[in-house]
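Everything below concerns the one structure shown next.
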Amino acid sequence: MGIKELAIAELDALMRDFGIKRSRLGRDLFNNPSFYYKLVEPDTRVTDITLDKIFQYAVTLRGQQQMLLSVGKNESRNVE
């Protein structure tokens, strides 16, 4: 699964979890109610800025202050 598909899956989860309509997602993100429909078209390319806005929107809706990034094997979550 590519990053575009992950973004679409995240938007689908937000719609399911928060009862948001596709048109509201588009308006909230880009002031474009048809954004979601364009995003899911197979030939649509997605920029890094678009992906960043999608994932930041998801983080904000879920009440987090920042995105949770995975930690590698040699890294520690505890900083002292």
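The values are calculated or read from the model by the stated rules, or taken from the named source; none is laboratory data. This is a predicted model, so every value here is computed, not measured. A quick note on method: Cβ atoms are made from the backbone with ideal geometry, for glycine too, and the neighbour counts reach across all protein chains shown.
Take the range 8-24 and flag every residue that is in contact with a Phe, Trp or Tyr (Cβ under 7 Å, 6 or more places away or on another chain) and in contact (Cβ under 8 Å) with a residue 24 or more places away in the chain.
Residues satisfying the conditions are E10, L11.
Contact list please: Cβ distance under 7 Å, first residue in the range 49-68 and closer than 15 Å to A9 by Cα, second residue outside any helix (DSSP H, G or I) and at pLDDT below 90, pairs at least six apart or on different chains.
F55/M67; V59/Q66; V59/M67
Inside the range 1-65, counting only helices (runs of 4 or more DSSP H) that do not spill past its ends, which hold 3 or more residues that are in contact with a Leu (Cβ under 7 Å, 6 or more places away or on another chain) and loosely packed, with under 14 Cβ neighbours inside 10 Å?
Result: empty, no element qualifies.
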